[in-house]
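Below you'll find the structure, written out as structure tokens, and then a few comments.
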Amino acid sequence: MRKFKIAIYCGEIPPPTFIDRLINGLAEKGNKLILVGKLTRKVSYKSNHVKIIGYSGKISKTFILLYYSVLLSLFQNKEKKKLKNWMELNSKYNNISKIRYYPILYNRPDVFHLQWIKGIEDWVWVREFDIKLIVSLRGAHINYTPICEPKYAEIYKRYFPLVDGFHGVSKAIMQEATKYNSTLEKSKVVYSGLNTKKMSFNLTKKSVEHLQILSVGRNHWKKGYRYALDCMRILKDRNVKFTYTIVGVDEDEELLFQRKQLDLLKEVFFVPKLGFNDVIEKMKKANMLLLPSLEEGIANVVLEAMAIGTVVVSSDCGGMKEVIKHNENGFLVPVRNSKDMAQAILDASQLSESESSKMLLSARDQIEKQHYEKNMIHGILTLYKHSYEFKNS
Amino acid sequence: MSLKTASRIGLVLPNIPNYSETFFNSKIKGLQENGFEVILFSNSKYRNVHPTCETSFAPNFSKRFGLIFDILFAIINCLKNIKSTIKLFKLNREDGLSCKNSIKNCLINSHFLSHKLTWLHFGFGTMALQSENVAEAIGAKMAVSFRGFDLYIYPAKFPTCYNLLFSKKVKYHVLSNEMKNTLIDYRISSDTIHIITPAINIDFFQPEASAQEPNSVFQFVTVGRLHWKKGLEYTLEAFAILKKQEIPFHFTIVGDGVEKEKLMFAVHQLNLEANVTFAGKIPHNEVKNLLEKSDFYIQYSIQEGFCNAVLEAQAMGLLCIVSDADGLSENVLHNETGWVVPKRNPTLLAQKMIETIDLNDTEKSKIRENAMERVKSEFNLTKQEIEFKLFYTD
């Protein structure tokens, strides 16, 4: 397959784990990667195909601004002027935009891959320079941002027709994007990929005397933890012995109050964000992973649990049903329904050893087939190639 | 009971009340009319003085240009009132504070030290934190009001925050019997806790004489900031049940706040776009007009000190359905002046809404009239004024 020069933009460097997997995978395939964004901590990649253009303070910003201004003036002055015109027309002729735009313009990638579509308005200019504009459709930005902030619905409707390729993390999200003028012809579902070979699978039956229930995810209303706590109260009323831990939530006032009001101080624990390996360790020890979300693309944490052999109870939101087949490889419950969630947890805890093994094996199989990391890289490269051809056809 | 002449009350509030904050303004006015002198203390960085009260602001120790002047000013204040400062320092030390922290505490509280007060009244429990010894240091009696958030939510995050305060000699003001019981659970003596419920302007909140045409679509309303403690997500889930049963309704949410995004998404996900309006924050007059056009008022809060909006709705003749959170079951008497539903249970709320819709006109009128009568006699400003006068008369 053709080798591309790809600029990945997600605002901050290092990017989240799932984007990092994509970067490493693309680099391993011999593609050249450019990452532009705000450096939040020091980062390095094994592959010398990854070039980082990061800024963290005034000095680095000034350096990048001066460096690329001079280079563009010397070698690509015509293009620099063209970009200046666009920036002025769109009221973006300022230093912050220059710091983000100039390195991209100078390096002139084949593909500019925008990870968070809320910023699409800032990046449509790349098409003026024969750079293909690819956008990823991920969770919140498409599922609720345009509903809660109608101005984004208008922005999407205006700019989606200019996009060369849409990467949907699920079929559901790809369909949702059509409401804002995306075209299915330019879209491709590429599921999140895991390196399953590095994730050991364990079938050992865990004790269900005292259930260990785990949720992992940032502290945000869309994660639906309020419903999970109501569900825990139902379990307690049914005399189930359990411990419920949420990793990624620490000092949330609403959840702390709810825990106290529902008398769950001895059962529910909040743990601040942990590193990937610590999360996997916790997941291995848990009887089940609970995803009470109201909205998701496809939650990576569910994929990880299925890969290592932990039963998943998930709400039926976003693209979750594209991974979980109810009663076959996990449990799926309607969103905003604590009662059904509690029942699913009980059902999961009452699986016989053979039923449990069958379900976990089926889950692992699903991940290996649908979320194999190499498939993800191949899918993304196909999208680039297709959009490249589409543009030129 | 005789009222001491020229009693000076220091009222400690997070902000100086602006024109629209009727509760504190009517309280201040009432006290002044009864011969009390009121001094306001605030730690707000917006230094707007109150039109009728002397106002004193806490030093601002946040890192900024001008910090040095605030520190100097606080030191001078402490030195000018050296007796009170030394007393405060000693009391802090007796409470186990280190020498350094005791000095810091004197500086933080330096704006109180020059005032000779009869009462130092902290308007919220949280306002008394780190100022537990100030009243004694300046020779004043100490009063603390609890209003809901400070008694129920703040301690969920900081469970031991009131340990020191509750060890002091304090006269407590709470809004409901429920709150009194909560304080008693903290081993506060019942004699020191006084219930003074909120009150509303009953002359303003009364329906126009002409009866409204009945609505063909049932009009529900709720008024309050969009905060998780208002339980609006549960409320919307109850409305989703009504919608499934094809009951014609419209629900208007008055108020604004950080939860709007979450609630808008809930409206979308629950397929309620055609049935719910976010009216935003609107002036009192418009709230009154909206209440007048509505049939039912819903306050399905998770936590609520008492809730003036429910009093206003009752006064306007709306049928009120509320949760049993804290003071709400004293605000609305179940089956007498409205209905009280267990909190966090949308199914029960929906059930009660449907039952209420199905009541005949006589039953509805009875509840409505009971509520209007009770609010008029129990929750008027004159009654509240007398109760506060008694509160400060020892």
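The values are calculated or read from the model by the stated rules, or taken from the named source; none is laboratory data. Just so it is clear, the structure is predicted and the values come from calculations on it, not from any experiment. Every residue, glycine among them, receives a Cβ derived from its backbone with ideal geometry; neighbour counts consider all protein chains shown.
Of all residues in the stretch B:259-306, how many are part of a strand (DSSP E or B) and of a type in the set (A, V, I, L, M)? Before the answer, list the steps.
Just the residues of the stretch B:259-306 that are part of a strand (DSSP E or B), to begin with: B:276-280, B:296-299.
Okay, now just the ones that are also of a type in the set (A, V, I, L, M), so B:276, B:279, B:298.
Count: 3.
The lone criterion from (1) within 19 Å of the chain's Cα centre (by Cα); (2) within 14 Å of another protein chain (Cβ to nearest Cβ) left unmet by A:G217 is number (2). Considering the conditions (1) exposed (fewer than 15 other Cβ atoms within 10 Å of the Cβ); (2) assigned to a helix (DSSP H, G or I), A:S44 is excluded by exactly one of them, (2).
A:K273 fulfils the conditions (1) within 14 Å of chain B (Cβ to nearest Cβ); (2) free of Cβ contacts under 8 Å to residues at least 60 places away in the same chain; (3) charged (D, E, K, R) except for a single criterion, (1).
Among A:G379, A:G319, A:G330, which is under 30 Å from A:I131 (Cβ atoms) and in the same structural domain as A:V216 (by TED's automatic domain parsing)? Spell out how you get there, then give the answer.
Numbers: A:G379 fails: in the same structural domain as A:V216 (by TED's automatic domain parsing); A:G330 fails: under 30 Å from A:I131 (Cβ atoms).
Going through A:G379, A:G319, A:G330 in turn, just one is under 30 Å from A:I131 (Cβ atoms) and in the same structural domain as A:V216 (by TED's automatic domain parsing): A:G319.
Within the stretch B:312-336, can you find the residues that are crowded, with 22+ Cβ neighbours inside 10 Å and either under 24 Å from B:L183 (Cα atoms) or among the β-branched types (V, I, T) (or both)? Within the stretch B:312-336, B:I321, B:V322, B:S323, B:A325, B:D326, B:G327, B:L328, B:N331, B:V332 qualify. Note on the stretch B:28-77: residues that are within 16 Å of B:S114 (Cα to Cα) and aromatic (F, W, Y) amount to 3.
Would you confirm, using the coordinates I've provided, whether A:G224 is more than 14 Å from every other protein chain (Cβ to nearest Cβ), touching a strand residue (DSSP E or B) at 6+ places or on another chain (Cβ under 9 Å) and either under 20 Å from A:S314 (Cβ atoms) or in contact (Cβ under 8 Å) with a residue 40 or more places away in the chain (or both)?
Working: more than 14 Å from every other protein chain (Cβ to nearest Cβ): no; touching a strand residue (DSSP E or B) at 6+ places or on another chain (Cβ under 9 Å): yes; either under 20 Å from A:S314 (Cβ atoms) or in contact (Cβ under 8 Å) with a residue 40 or more places away in the chain (or both): yes.
When the stated conditions are applied, A:G224 does not pass them.
More than 14 Å from chain B (Cβ to nearest Cβ), in contact with a Gly (Cβ under 6 Å, 6 or more places away or on another chain) and surrounded by 19 or more Cβ atoms within 10 Å (Cβ to Cβ): does that describe A:V323? Steps first, answer last, please.
On the way: more than 14 Å from chain B (Cβ to nearest Cβ): yes; in contact with a Gly (Cβ under 6 Å, 6 or more places away or on another chain): no; surrounded by 19 or more Cβ atoms within 10 Å (Cβ to Cβ): yes.
So A:V323 fails the test.
State all residues of the stretch B:155-165 that are within 14 Å of chain A (Cβ to nearest Cβ) and part of a loop (DSSP other than H, G, I, E, B); if no residue qualifies, say none. Show your work before the answer.
Filtering the stretch B:155-165 for residues within 14 Å of chain A (Cβ to nearest Cβ) gives B:155-161.
Selection gives B:F158, B:P159, B:T160, B:C161.
Number of residues in the stretch A:284-303 that are of a type in the set (V, I, T) and either in a helix (DSSP H, G or I) or in the same structural domain as A:R21 (by TED's automatic domain parsing) (or both) equals 2.
Within the stretch A:271-283, track down each residue that is surrounded by 16 or more Cβ atoms within 10 Å (Cβ to Cβ) and either part of a loop (DSSP other than H, G, I, E, B) or charged (D, E, K, R) (or both).
Of the stretch A:271-283, the ones surrounded by 16 or more Cβ atoms within 10 Å (Cβ to Cβ) are A:271, A:279-280, A:282-283.
The answer is A:K282, and nothing else.
Among the residues of the stretch B:184-193, is any surrounded by fewer than 20 Cβ atoms within 10 Å (Cβ to Cβ), free of Cβ contacts under 8 Å to residues at least 40 places away in the same chain, under 30 Å from A:N219 (Cβ atoms) and out of contact with any Cys (no Cβ under 7 Å at 6 or more places or on another chain)? Yes, the stretch B:184-193 has at least one match.
Here A:Y67 does not fit the description of being more than 17 Å from A:H113 (Cα to Cα) and either in contact with a helix residue (DSSP H, G or I) (Cβ under 7 Å, 6 or more places away or on another chain) or not assigned by TED's automatic domain parsing to the domain that holds A:L105 (or both).
Within the stretch B:52-70, count every residue that is surrounded by 13 or more Cβ atoms within 10 Å (Cβ to Cβ) and either assigned to a helix (DSSP H, G or I) or hydroxyl-bearing (S, T, Y) (or both). I'd like the intermediate steps shown before the answer.
Residues of the stretch B:52-70 surrounded by 13 or more Cβ atoms within 10 Å (Cβ to Cβ): B:53-61, B:67, B:70.
Still in the list and also either assigned to a helix (DSSP H, G or I) or hydroxyl-bearing (S, T, Y) (or both): B:55-56, B:67, B:70.
So the count comes out to 4.
Spot the failing condition for A:L294; the list is (1) within 14 Å of chain B (Cβ to nearest Cβ); (2) among the hydrophobic types (A, V, I, L, M, F, W, C); (3) surrounded by fewer than 21 Cβ atoms within 10 Å (Cβ to Cβ); (4) touching a residue at least 40 places away in the same chain (Cβ under 8 Å), and only one is missed. Checking A:L294 against (1) within 14 Å of chain B (Cβ to nearest Cβ); (2) among the hydrophobic types (A, V, I, L, M, F, W, C); (3) surrounded by fewer than 21 Cβ atoms within 10 Å (Cβ to Cβ); (4) touching a residue at least 40 places away in the same chain (Cβ under 8 Å), the one that fails is (3).
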